[in-house]
Amino acid sequence: MNIHEYQAKGLLADYGVPVPSGYAATTAEEVDSAIAKIEGDLIVVKAQIHAGGRGKGTFTDGYKGGVKVVKDAAAAKDAAAAMLNNTLVTAQTGPAGRKVQTLYITEGCDIAHEYYLAIVLDRETAQAVIIASTEGGMDIEAVAEKTPEKITRVPVSPSTGIRPHHCREVAFSLGFAGDQVKQLSKILVGVYKMFWEKNAMLVEINPLITTPEGEVVALDAKVSFDGNAVFKHADILALRDLNEEDPKEIEASKYDLAYIALDGNIACMVNGAGLAMATMDIIQSFGGSPANFLDVGGGANEEKVTAAFKIILSDPNVKGILVNIFGGIMKCDVIARGVVAAAKNIDLNVPLVVRLEGTNVEAGKKILSESGIALTPADSLVHAAELIVKQVNG
Ligand code: GDP
Ligand code: MN
């Protein structure tokens, strides 16, 4: 689960990390009162969307930049008016962009240097890793690709937690000395504590800056939480912004369906995450392109299967459906009845290929063939993928 920059900075501040003061705004009135509260002579207007690269982004009406640093209230109001309810396209949003429904108005800082700092969960070593670089700012992906030696990684074992030597190692790799080592250590301890206590998967501060006066400040923040742990944190769940989520994914979560929208045209309905991944791969290997990941789970009933059909068909890109079910605990005749009920319930106007295998497969196939529904049965996953790709791509 992702949250906005302003929410992430609020959390960081709770953990003792210095952030510029700022106010979120969703209307012109809130923008005005936020601007009036800013002290100092630099104001930053920042589009709040769950995607990075805002500084280098462009709005669909041609307005450039989702982060504007300006010198007075009038310019801040202009920037805010240009961004609010406009659609911002960045390297991370995809070509459709994201509608900006919230702005963050912050006090501006003078920057001596921009650094990169993050803590991520490293699945390979099953521990948190601090990632730091002197090359912070807007092009960290390019740094990672072209000059990976400029990125320092310091693993933190969950059995020790963060220790002073971790902090010193990171601080020295950034060239910090004296008081800045202390400031960075305090920041790292706060970020780690937040990462750990809130079950985050990523806390990224890019840039972390030094000011000409030598202060170390978090200027941007991106935080994402483990979706499987977020139920433990009511305060984090309260930060969820449904405006930032795909409506199809919200609908799917109501039925406990693991659904992720993709940009292809072959919808998949599969039981089991691994089988769903394999199904997507095999569609791709036949030259097709999956419209979604969907794991209906082990306990799918008629209601769930119908909901799943409705969700995948609400995607206008879908030109065909591949149902791939391995009946284990879930029996093939149950899923077949679900498919039949769903297909009768909704207007199924695209080709449907169904592959069933496993427990009660013969009974399942009989139900499908006697249903009168226009579908193509397939015996193997390879055959099924080949059929649906042929029907969709012609
Ligand atoms: P992103 O493009 O989505 O990563 O948005 P950021 O919040 O990181 O802002 C992009 C860039 O804007 C930063 O790397 C800074 O160079 C600049 N920026 C953001 N806030 C300030 C500020 O307070 N003062 C100055 N001078 N620049 C800022
Ligand atoms: Mn940034």
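The values are calculated or read from the model by the stated rules, or taken from the named source; none is laboratory data. Given the structure is predicted, the values throughout are model-derived calculations rather than measurements. Note that each Cβ is placed from the backbone with ideal geometry, even for glycine, and that neighbours are counted across all protein chains shown. The area values use the complete protein model at the heavy-atom level, side chains included, leaving out ligands, DNA and RNA. Shrake-Rupley method; radii C 1.70, N 1.55, O 1.52, S 1.80 Å.
Of the residues in segment 231-274, how many are touching a residue at least 12 places away in the same chain (Cβ under 8 Å), among the hydroxyl-bearing types (Ser, Thr, Tyr) and closer than 26 Å to Gly97 by Cα?
Looking only at that region, the number is 1.
Just to be sure I understand, how many residues within segment 132-165 are in contact (Cβ under 8 Å) with a residue 12 or more places away in the chain and either within 30 Å of Val67 (Cα to Cα) or buried (at least 18 other Cβ atoms within 10 Å of the Cβ) (or both)?
So the count comes out to 17.
Do we find a residue being within 19 Å of Met280 (Cα to Cα) and open to solvent by 70 Å² or more (accessible area, probe 1.4 Å) anywhere in segment 345-360?
No, segment 345-360 contains no residue that is within 19 Å of Met280 (Cα to Cα) and open to solvent by 70 Å² or more (accessible area, probe 1.4 Å).
Quick check on my filter: what residues within segment 39-51 are outside any strand (DSSP E or B) and either open to solvent by less than 40 Å² (accessible area, probe 1.4 Å) or within 15 Å of ligand 2 (Cβ to nearest atom) (or both)?
Leu42, Ile49, His50, Ala51
Just to verify a result, which residue in segment 54-74, among those that are β-branched (Val, Ile, Thr) and surrounded by fewer than 17 Cβ atoms within 10 Å (Cβ to Cβ), is farthest from ligand 2 (Cβ to nearest atom)?
Filtering segment 54-74 for residues that are β-branched (Val, Ile, Thr) and surrounded by fewer than 17 Cβ atoms within 10 Å (Cβ to Cβ), the one farthest from ligand 2 (Cβ to nearest atom) comes out as Thr60.
Please go through segment 126-162 and pick out each residue that is hydroxyl-bearing (Ser, Thr, Tyr) and within 16 Å of ligand 2 (Cβ to nearest atom).
Ser133, Thr134 - these are the residues of segment 126-162 that are hydroxyl-bearing (Ser, Thr, Tyr) and within 16 Å of ligand 2 (Cβ to nearest atom).
Filter segment 201-230 for residues that are more than 13 Å from ligand 1 (Cβ to nearest atom) and either of a type outside the set (Val, Ile, Thr) or without any contact (Cβ under 8 Å) to a residue 40 or more places away in the chain (or both) and give the result.
Met201, Leu202, Glu213, Gly214, Ser224, Phe225, Asp226, Gly227, Asn228, Ala229
Picking from Val45, Val31, which residue would you name as being over 18 Å from Gly137 (Cα atoms), among the aliphatic types (A, V, I, L, M) and in contact with a helix residue (DSSP H, G or I) (Cβ under 8 Å, 6 or more places away or on another chain)?
So the residue among Val45, Val31 that is over 18 Å from Gly137 (Cα atoms), among the aliphatic types (A, V, I, L, M) and in contact with a helix residue (DSSP H, G or I) (Cβ under 8 Å, 6 or more places away or on another chain) is Val31.
Determine whether Asp256 is among the acidic types (Asp, Glu) and either at pLDDT 95 or above or assigned by TED's automatic domain parsing to the domain that holds Ile151 (or both).
No: the conditions fail for Asp256.
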